[in-house]
1. What is the number of the single condition among (1) over 29 Å from Ile303 (Cα atoms); (2) not in a strand (DSSP E or B) that Asn192 does not meet?
2. Counting only residues that are out of contact with any strand residue (DSSP E or B) (no Cβ under 6 Å at 6 or more places or on another chain) and over 14 Å from Ile158 (Cα atoms), which one in region 57-76 is surrounded by the fewest Cβ atoms within 10 Å (Cβ to Cβ)?
3. Can we say Val334 is under 20 Å from the mean Cα position of the chain (by Cα) and among the aliphatic types (A, V, I, L, M)?
4. Could we say that Tyr378 is in contact with a Lys or Arg (Cβ under 9 Å, 6 or more places away or on another chain) and within 30 Å of Tyr414 (Cβ to Cβ) here?
5. So, in region 104-115, of the ones that are buried (at least 18 other Cβ atoms within 10 Å of the Cβ) and in contact with a strand residue (DSSP E or B) (Cβ under 8 Å, 6 or more places away or on another chain), which residue ends up farthest from Arg142 (Cα to Cα)?
6. Among the numbered conditions (1) buried (at least 20 other Cβ atoms within 10 Å of the Cβ); (2) touching a helix residue (DSSP H, G or I) at 6+ places or on another chain (Cβ under 9 Å), tell me where Asn177 comes up short.
7. Test Asn236 against the criterion of being under 20 Å from Asp263 (Cα atoms) and either buried (at least 16 other Cβ atoms within 10 Å of the Cβ) or in the same structural domain as Ala250 (by TED's automatic domain parsing) (or both), and give yes or no.
8. Report, by residue number, each residue of region 195-228 that is among the basic types (Lys, Arg), more than 22 Å from Ser51 (Cβ to Cβ) and either assigned to a loop (DSSP other than H, G, I, E, B) or in contact with a Ser or Thr (Cβ under 9 Å, 6 or more places away or on another chain) (or both).
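The values are calculated or read from the model by the stated rules, or taken from the named source; none is laboratory data. Note that the coordinates shown come from a computational prediction; the quantities given were computed from them, not determined experimentally. Cβ placement follows ideal geometry from the backbone for every residue including glycine, while neighbour counts extend to all protein chains displayed.
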Amino acid sequence: MKQLVLCILALVMVLTLPCTYAFAEEEYPAGDYTRIYINTADGAGLTLSKSQGYIPADIAIVSTDGHVIHQSGQIKLRGNSTALAAKKPYTIKFDSGQNVLGMGKAKKWVLLASCLDPTFLRNDLALDLGRKISLPYTSEHRYAEMWMDGKYRGCYEIAEPVDDGKSRVNIDVDKNNGCGDFLVQYELSRYNTGAVYCNSDNMRFEIKSPKITSEEQRLYVQETLAKIVRTVKTKNFEEIEKVIDVDSFAKYYLINEYFKDVDFGFSSAFFYYKNGILYAGPPWDYDITAGNLNYNESENSRICLDTTGLWASKFLFYEHLMECRDFKNAVRHVYAENYKYFENIYVKGGVIDQTVAEYKPLFLRNFSDTEWNLTTRYHQLMRQPDATYEENVEYLRKWLADRNVWMSQYFDIYGEDIYEPGDINDYEGVNVADLVKLQRYVMGVEEFNRAEFLAADLNQDGTVDSYDMVLMRRMVIEQQ
C-alpha cells in the first residue's frame, strides 16, 4: 500500500511539473518559423476582452528545430489603442519562469500583433536600433506565427515587456522598503484602473515598479522625480549630470526623434531610477511611427509625417535638455558614432532588406491565411496602406532615408561641437561664473571638454590662455 501511495505521488509530481521538452511533433508541430500555440477553455481566447484580465491558458512555444516550451499559464489582452484593433496583442504569463528563445528566463512575455503596421518592421527596426547603440535594457523580441484555440492568427512578435527583473530592467525595487529604485511610464492624461500615478512638477507618471503599497512610497517616487525635473529645468548642465544618465537620455532621444513617434510626450515613454540616477528608456511601441500616420487625424500627425523638423525636443525632459549645449552635443556625438548604422537601416541590402528576405513569407501569410487584410486601415491613427507589401516597405525605406538626411544636416554630425563664444558653462549667458571657470582652466585646476574649450577660445587662435581672459573680462563688463 505504501508503495502504491508513493507511485501515485510521484505520478502527480511528474504531471504537475512545468514541461520543457525537445520533441512533440504530433501535438505541437514545428515550422519554418517559431510557432506559438495557445489554448483556453471553450475557445475564450478568441473573444477575450481587456476587462476580463487574465484567464487560464495552455501555452506552447515551438522553435524551428522542434524544441518545445510547454506549460500552463495565463493570458490577457494588452495595449491601449492597439487593443482596439481587430488583431489583438496579448500578455502571456507562464506558471514559472521560462527562457524563451534565448531571451532570458521570465514568467511574463508579450505578443505584439503589429496590426497597425503593414510592414511588420517598425518595432523591429526601433528596438534593434536601441540595442545597436547600447541603450540599456532594450527589449529583445522574435518573430513568430500564432494559433489561438486552434485558429491561425498570423504573424506576432514575442517580446520582453518593459518590466523590472534580472533579465529585464535590472533595478532593486525592494531596497529601503520600496523607497529605492523604481520604473515609471510618462502618461499625460490616460488613466488605467488599478494603476498608481504621481505628478512631479507638472510631469505625470504611472509608477510601474515597485508595487505601491503605501502613500509613503508614492510620495517618495513623486518627490524624487520632482527634484530631478526641477534640476533639468534650470538648464545648468553641471547639476543635470548629477541627477540623470546623460548617455541613456541622449540615446533615447535619438531613437524617438528619428522615428518621430507621435505618442512621445503623451504615453509609452519609460524612465527608471537606479542607484540615485534617472535613466531614459527602455524604448517601446513604434508601430505608429516613421510616417505611418493619417494626415487628416491631427496637427501632430501632420508634423510627424514630415521627415523634416524636430519633434521629441518639445516634450518631457527634452524640452529643457535640448536647450543645453552640452546635452545637444551628447546627442550629436552618439549620432555621429552610429551614423553608419542609421544609414544601413534603409540602404539596399541593409537591415530592412535582410529582415524582409528572412521573414517575408511569414509576413505575407499574415494576410493570405487569415482574415487580416493588407490594405485595411485598422485604426484612424494609421496611414492608408499601399496596395502591395513591397510598396509599403518602399514607403518606409524612403521615409527613414529622408529623415536621416535631414537629421544629419541639422546636427552637423561631422562639424564642430555646438558652442556659444564666452558662455563656457552654457548657463545664463556670459557672466562672472564663466570668467571663474576660465581662470581655473588657465591656472591648471580645471579641464574643459571640447565645447567648453571652443567657447573659451575667444580670439580663435587654437589655445586658451590669458589673452582670452582679457577678452572675457571685457565681455562680462559689457553684460553688466
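1. Every condition holds for Asn192 apart from (1).
2. For region 57-76, the residue satisfying everything is Asp65.
3. So Val334 passes the test.
4. For Tyr378, the condition - in contact with a Lys or Arg (Cβ under 9 Å, 6 or more places away or on another chain) and within 30 Å of Tyr414 (Cβ to Cβ) - is not met.
5. Among them, the one singled out is Ala106.
6. Among (1) buried (at least 20 other Cβ atoms within 10 Å of the Cβ); (2) touching a helix residue (DSSP H, G or I) at 6+ places or on another chain (Cβ under 9 Å), the lone unmet condition for Asn177 is (1).
7. Criteria not met by Asn236.
8. Arg204, Lys227, listed by residue number.
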